[in-house]
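Engineer: Provided herewith is a single structure, encoded as structure tokens, for subsequent inquiry.
Any read-out appearing in this document is the output of simple, stated calculations on the displayed coordinates, not a laboratory observation. Predicted model, so just to flag it, every value in this text is computed and none were measured. So basically every Cβ, Gly included, is an ideal-geometry build from the backbone, and we count neighbours across all protein chains shown.
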Amino acid sequence: MIRRSILAAFAAFFLAAPAQAQTSPRDQRVIFVMLDGLRWQEVFRGADTDLAASTEYMRSSFAKDVRAGFVDVSNRREALMPFLTGVVARDGALIGNRDAGSCAHVTNDRWFSYPGYNETLTGKPDARVNSNDYGPNPNVTFLEWLNRQPGYASEVAAATSWDAFTRIINAERSGVPVNAGLMPLRGSDGAVTTYNRLLADTPVPWKSVRLDAFTHMAAMHTLRTQRPRVMFISYDETDDFAHDGDYAQYLMAAHRTDGFLRELWETVQRDRAYAGRTTLLITVDHGRGDQPGESWRHHYSGPALAAGTSPLREKFPNGIPGSDQTWIGALGPRVRAGETLAAQAGDCAGSNQMAATTLTALGLDWRAFDATAGAPLGIFK
Ligand SMILES: [Zn+2]
């Protein structure tokens, strides 16, 4: 497809000059990626045939191609996210397939973005964080904590589609560089100038959010030029296309993001500073509804709706059932291979465990960060 080849060319441009191999100590590194509001249902089952049969949700001009690529195929799961369900599920851990008895969820009682990101990055929910417009985060994320540890100063960076991450990571206090929303990249070389020009001239479909291709390019650029030990990336399109009720675009966004994950992974495997010592962690900030059918578009708990002025409150006074349900992927030298269904036997993996899981992947004592945070997931060798 044309879009893909442009993206590939752009990626090649950014990667044209491979960085010098570094002779840093054999430190562990992490790339932590979040996909906003992508349901476990699509991750583990592939495209939903009922939603894909809806003329309302498949109104996009791409609908025919999307059906051919992701719906009318022999294996819908492999077709949609081949890297996540192929490579990560085979060589790492992929938690949250409720059809197979695995489980993941957020432990906050809001089931929307800021509370989910706060929980994931700080290791516990905070009832004060009750709005996506909430101000600078009073809580310390593991990114901020790391940025203050010996050996990690200036070794943490973030690239995010949603501009709220300057507040969520508290960029001002934490000192973590957060390239978010419509922020340009710093620099004056040709690739950066082209990127900044495109970012400024491309229509912005949703307030406060840039398209994920920009975020991915910004992340790749940061990895190549700043070479952080810990890189946080947050993609957004899956959530906003879902709120728009555009299932075809939602599926395409999920598929594109899977390609981004593959490119991140394959790029670091070719880089001596990262290869063999990098853990890729992937999760979401919340789930979405499943039944009734239209609830796939939404995600909120009853208390969250009760506190707001959303027109959804009339239809779903008790919230959107199931939108606390999430999934988690992990791939890296210390992660046990194989779909980790048994690792959480009897338990449901929580987003509150991701901070400790990340610090464990880095070989650090998570209790030094916050002994009251959720414990690490049982995914390590
Ligand atoms: Zn949302």
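Engineer: What percent antiparallel are the DSSP beta bridges of the stretch 28-370, to the nearest 5?
Structural biologist: 30 percent
Engineer: Further, regarding this structure: Tell me, in nm to one decimal, what length is gained between PHE62 and GLN291 on full extension, where the rule is 0.36 nm per residue of separation less the Cα-Cα distance?
Structural biologist: 79.9 nm
Engineer: Which ordering of ARG167, ARG288 is given by a fewest-first count of other beta-carbon atoms within 10 Å?
Structural biologist: ARG167, ARG288
Engineer: Only helical DSSP H runs with n ≥ 4 go in: add -39500 (n - 2.57) per run for the chain, normalise by residue count and round the 222 nm mean residue ellipticity to 500 deg cm²/dmol.
Structural biologist: -9500 deg cm²/dmol
Engineer: A further question on this structure: If packing is taken as the average number of other Cβ atoms within 10 Å across a peptide's residues, how do 174-184, 274-284, 132-142 rank, most packed first?
Structural biologist: Highest-to-lowest ranking by the protection proxy: 274-284, 174-184, 132-142.
Engineer: When the Karplus curve 6.51 cos²θ - 1.76 cosθ + 1.60 is applied with θ = phi - 60°, which whole-Hz ³J(HN,Hα) does each residue of the stretch 160-169 get, with x for Gly and Pro?
Structural biologist: Along the stretch 160-169, the couplings run 9, 6, 8, 6, 5, 5, 5, 7, 4, 8 Hz.
Engineer: What is the magnitude of the charge dipole of the chain about its Cα centre, with +1 placed on the Cβ of each Lys and Arg, -1 on the Cβ of each Asp and Glu, and no other charges, expressed in debye to the nearest 20?
Structural biologist: Magnitude of the dipole: close to 980 debye.
Engineer: Can you list the residues, at least 5 places off or on another chain, whose amide H is less than 5 Å from the amide H of SER234, using H built in the peptide plane?
Structural biologist: Answer set, sorted by chain and number: MET34, ALA159, THR160, SER161.
Engineer: Now a separate question. Using the reciprocal of the averaged 1/r over all distinct C-alpha pairs, how large is the Kirkwood radius of the chain in Å?
Structural biologist: 20.8 Å
Engineer: Okay, next question. Can you spot the aspartates and glutamates whose alpha carbon is less than 13 Å from LYS315's alpha carbon? Ignore those fewer than 8 places along the same chain.
Structural biologist: The reachable aspartates and glutamates, counting only those whose Cα sits under 13 Å from LYS315, are GLU294.
Engineer: Of MET183, TYR274, GLY302, whose Cα points farthest to the positive end of the dipole of the stretch 28-370 (charges on the beta-carbon: +1 Lys, Arg; -1 Asp, Glu; origin at the Cα centre)?
Structural biologist: Farthest towards the positive end: TYR274.
Engineer: How much net charge surrounds GLY289 when only the other residues with a Cβ under 10 Å from the Cβ of GLY289 are counted, with Lys and Arg +1 and Asp and Glu -1?
Structural biologist: Computed value for this residue: +1.
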